[in-house]
Structure formats: structure tokens, C-alpha cells
1. Would you mind getting me the FRET efficiency between Thr52 and Ala22? Use the beta-carbon distance for r and R0 = 25 Å, nearest 0.05.
2. Please work out how much length the chain gains when fully extended from Asn149 to Ile110, using 0.36 nm per residue of separation minus the C-alpha to C-alpha distance, in nm with one decimal.
3. Once phi is turned into ³J(HN,Hα) by the Karplus curve 6.51 cos²θ - 1.76 cosθ + 1.60 with θ = phi - 60°, what whole-Hz value does each residue of region 67-80 show in order, with x for glycine and proline?
4. Explain nothing, just compute: Karplus ³J(HN,Hα) = 6.51 cos²θ - 1.76 cosθ + 1.60, θ = phi - 60°, for every residue of region 40-56 in order, whole Hz, x for Gly and Pro.
5. List Tyr137, Tyr156 from most exposed to least, where exposure is judged by having the fewest other Cβ atoms within 10 Å.
6. Give me D for region 42-158 in µm² s⁻¹, whole number, from Stokes-Einstein with Rh from the Kirkwood sum over alpha-carbon pairs, 10 °C and 1.306 mPa s.
7. Roughly how many nanometres apart are two label points built 7 Å out from the Cα toward the Cβ at Lys138 and Phe83?
Amino acid sequence: MAIWLTDRFMEIKQYIESNPQATTSDERLFSLLSHLSFFFGGLFVSLIIYFTQKDKSKFVAFNSLEAIFFQLSYLIIVLPCSFLFGICLGIIDAAKGSAGRDLSGIMIIIFWVLLFIVFAALMFFGIYSVFVAIKAYKGEIKKYPIIGNIAYRKVYGR
């Protein structure tokens, strides 16, 4: 099944890339906006684009659904880190007035590790969103790792 899916994807990709008229400028613009919504509006913009364009263009539906899944995966990484980040700050603040200096030092280290994870995720997801947005604006199909296959199956079928 995976081989058939890959072959079908390659056929559609070659058709779109060899035929510049296959996607209109509006489709490419909506696809660009759905990927760049990572920086403004987040999931809401991608969801609006998906639900308003899914019946009109499979290209836009694929790109917006892919952007939705990509942004959800970012939230799955960042929200738990942010929650733990807040807990670390609370423990550090509580340890100031007590004799728990040892615990405070460990929490500061954990705090910086979590901060690094959140910053690294922001950089990776932001840069990759711009990269895929540019590809979408050129009319090319670029799949995100793992979630691209899920979005592809949802839009183009099996």
C-alpha cells in the first residue's frame, strides 16, 4: 500500500510541476497563507482556509490540512514544555525564601533546558514553514515528514 501511495503521489506531483496551469495563483496564494499562518493567526487561519477551500481545490486543501497538522504537532511539543516551564518558575520562586537552595539549582537547569527546547522548536517549525510555503507558492507539492502522508491520504484518498 505504501508503494502505491508513493507512486500516486509522484504522479500528482509530476503533473502539477510539469503543468503550471494546474494550480491557479489564488490556489498558490491560499496555500502560502496557510503555511505562513504559523506566524499570524495560527490554527485559525489554516482552519478557515481549509474549510472554505476544501471543495474548490485539492491543492489548497492538502496544503492547509498539512499546515494544520504541522501546527498541532508544534503545540504538542510546546504546551507541555510551557506548563513545566511555569512549574519550574514557581518552584524557583518558592525556594528563594527557604533552605531549598539545592532544589532551586536543579530547577534553574531544567528551566534553561525547557527554554532551549521551546526556542529550538520555534526556530525549526518557523523555518520549515517558510520553506514549505515557498514551495507551495511555486505550485510544488512538498510533504512534511510523517504528517504529509496523513494529509495526502485525507485529501487525495488512498
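1. 0.75
2. Length difference between fully extended and current span is 10.6 nm.
3. Working through the residues one at a time gives 5, 4, 5, 5, 5, 5, 5, 5, 5, 5, 7, 7, 4, x Hz.
4. Running phi through 6.51 cos²θ - 1.76 cosθ + 1.60 with θ = phi - 60° gives 9, x, x, 4, 4, 5, 4, 5, 4, 4, 4, 6, 8, 10, 4, 8, 8 Hz.
5. Tyr156, Tyr137
6. In µm²/s, the coefficient rounds to 96.
7. 4.0
Each reported figure results from applying straightforward, stated rules to the coordinates on display, with no laboratory input. Just so we're clear, the structure is a prediction, and the values are computed from it rather than from any experiment. Here the Cβ is made from the backbone with ideal geometry for all residues, glycine too, and neighbour counts use every protein chain on show.
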